[in-house]
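One structure below.
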Amino acid sequence: MNPKPPIDLREIVWRSRRYIWVALLPFVLALCAGLIFMTLATPLYMSYVTVALEDPTRVSAALEPLVREERSRDSRAQRTAELDGRVHSRPFLQSVVTRMGLNSTPEVLSIAALAVRRWPGISAEEFATRKAISAITKSIAVAPVGRTYVRVSATASDPEFAQALALAISSLLQEENRRKSLEQSAARSDFSEDQIPVFEENVRKAEEALRRFQERIIGRQLGDNPVTPANLAAARVEVRRADEEIDLLRGRLNLARGDWTEVAGGTSAAPPTLSSRRASDLESQLRDLETAYGESAIKGGDVASVKLRIGTVRQALYAEYSALAEVVVAELSPSSREAAAGIALDRATLRTLQEKSRKLSDYISNFSRTAHSAPGEQMELERLRGEVETNRNLLLTLRKEATSSRMSQALELSPLGSRLQIVETPQLPLAPYFPKRKDVLLLSLLAGSALAAGLVFAMEKFASSLRTVEQLERAMGIKVIATIPRIEGWPRPGSFTHNHWAALSIAAVLLLTLTFYGIHATLQTDRRPPGGAPTTTK
């Protein structure tokens, strides 16, 4: 393995001296280009306003739900995009142009006067406004700053104009935001005020329907039906007992009718009908007492006293029928009159028991229907209550919304109400933000270094001369016997321009740069007004 040849310092020094001017040329060229760019580039000044789209000021806990319900929960990107759309909208830019008077300057009006000849359908004022809007559109930028703020910047070649433009944008944003908030609050208030009477009527109708339904249920519950789930079995037992007594009385009456002819001595085919006002009254009392006895038995009340009264009324009724038999069938025997009175009493008792059975059966039927309809009635009751509650909540929400709208309108007129808060007001820029000298110089140095390295590499790579013995031997294919050293004082081959082109190029670049600065300074001096102050164009 061949060892690496030692580093030849003389070769390095020779190459450095050979390419020193070639390497300096790109540096000088890039530096002069950067200086000329900084001289020719129009300096731009930036003035900006920083805003917060949501007001951090808080009100009391009681008022917070009323005045902060419409707070936006959008992300920062959405809020920035929304603000950017507002700022770059034509109505907003037209307001900025009108407020700053940019559409009424002599320059713009002269251009507009010439343009309307070509476009007859456009007035000079409209063209001037469009021209001014087009001029400031690209000068306005919106960008987020930090986590909560948004910056609206205005750039111009005149620092005072940049500040004036930023101030106009700031004031218009505040006015537009306040006006929009007031319009929204007024619209909410008008809608709420219009809907409140409608929902008040809905609440009244729903409450009236609920009241009627409840009265119907309560009226049925407060009726004279003694049957309940607890005594339903007792009521059915009482009905069964009444039916058994009815069957007994019917059997006894059938036997009495069959034996009547024999008892009456063959004088009458059917028992006589005994009736009087007193008998009717006593029968009515007996019917009420039988019904009361059944109800007391169902409820578990005192049935002994009712039973005693029933016996008393039956005896009185039997006495009345006996008295009537003495009159109606006086020609019959005493046993026949007693039989006629007994049959009449059994008939009256049968009617009272039938009425008792019917009434108790009606109680049981009504209870059964009520029990079956209870779930549906409960559902209907819940529906009516829900309807009342819904209408009340809607009415309360509308009243709350109306109050919130009025309070929002009042707060929007104060600093507490604005959702767009100016965090940083526009300032007069003292230095241009473009071009930046440090950045231009650094870029020039970097570009010069890259060009110098590339130029030296290209010259070394594609050079046509042979600089070493090894290169000559490889090119000629023969061995070199000896070399003749260069004698000091001998001129280098080639012309002076060919040998010193890099230094001459650097001198030419420097001369052209100095010439440019001289011409530029002369022109700037000629443009100054008599007072010595430089002119600025907005």
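The values are calculated or read from the model by the stated rules, or taken from the named source; none is laboratory data. All values reported here derive from a predicted model rather than from experimental measurement. Reconstructed Cβ throughout: ideal geometry from the backbone, glycine too, with neighbour counts over all protein chains shown. These area figures cover heavy atoms from the full protein model, side chains too; ligands, DNA and RNA do not enter into them. Shrake-Rupley method; radii C 1.70, N 1.55, O 1.52, S 1.80 Å.
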Would you please give the FRET efficiency between T390 and D288, computed as 1/(1 + (r/R0)^6) with r the Cβ-Cβ distance and R0 = 51 Å, to the nearest 0.05?
0.55
In terms of modelled amide H atoms, which long-range or inter-chain residues lie less than 5 Å from the amide H of V145?
V150, R151
Between the range 134-160 and the range 331-362, the Cα center-to-center distance that results, in Å
112
First check a/c for the range 99-162, with a ≥ b ≥ c the square roots of the eigenvalues of its C-alpha gyration tensor; if it is under 1.5, answer rounded, and if not, answer prolate when a/b is larger than b/c or oblate otherwise.
prolate
Sequence-distant or interchain residues sharing an amide H contact under 5 Å with S157, placed H: which?
Y45
Scoring only Lys, Arg, Asp and Glu (+1, +1, -1, -1) among other residues with Cβ under 15 Å from the Cβ of T137 yields +4
Which pairs, out of K180/K205; K307/K359; K138/K438, put more than 29 Å between their alpha-carbon atoms?
K180/K205
What is the extension gain from T403 to A77, computed as 0.36 nm multiplied by their sequence separation minus the C-alpha to C-alpha distance, in nm to one decimal?
114.1 nm
Residue by residue through the range 422-438, the couplings from Karplus 6.51 cos²θ - 1.76 cosθ + 1.60 with θ = phi - 60°, in Hz, x for Gly and Pro, are 7, 8, 9, 7, x, 10, 6, x, 8, 9, x, 8, 8, x, 9, 4, 4
Let me know the charge dipole size of the range 342-401 about its Cα centre in debye, to the nearest 20, where only the beta-carbon of Lys, Arg (+1) and Asp, Glu (-1) is charged.
220
If the chain between A41 and A233 were fully stretched, how many nm would it gain, using 0.36 nm times the residue separation less the Cα-Cα distance?
58.2 nm
Show me, for the range 100-107, the HN-Hα J-couplings you get by feeding each phi into the Karplus relation (A = 6.51, B = -1.76, C = 1.60, θ = phi - 60°), rounded to Hz, glycine and proline as x.
7, x, 6, 8, 10, 6, x, 5
How big is the accessible area of E470 in square angstrom, nearest 10, if you roll a 1.4 angstrom probe over the protein chains?
100
How big is the accessible area of Y149 in square angstrom, nearest 10, if you roll a 1.4 angstrom probe over the protein chains?
90
Accessible area of E473, 1.4 Å probe, to the nearest 10 Å²?
50
So how do K205, K479 rank on accessible area, 1.4 Å probe, biggest first, that is with the largest at the start?
K479, K205
Search the structure for amide H atoms under 5 Å from the amide H of V423, placed 1.01 Å from N in the peptide plane, and list their residues when 5 or more places away or on another chain.
T50, V51, A52
Accessible area per residue for the range 329-406 in Å², computed with a 1.4 Å probe and the full protein assembly in place, what is it?
52
How far is it, in nm, from the label point at L428 to the one at T312 when both lie 7 Å from their Cα along the line to the Cβ?
11.9
For the range 286-295, Karplus-derived ³J(HN,Hα) couplings (6.51, -1.76, 1.60; θ = phi - 60°; whole Hz; x for glycine and proline) come out as 5, 5, 5, 5, 5, 5, 5, 5, x, 5
Under 19 Å from the A503 label point (7 Å along Cα→beta-carbon), backbone N, the range 19-41:
19-29
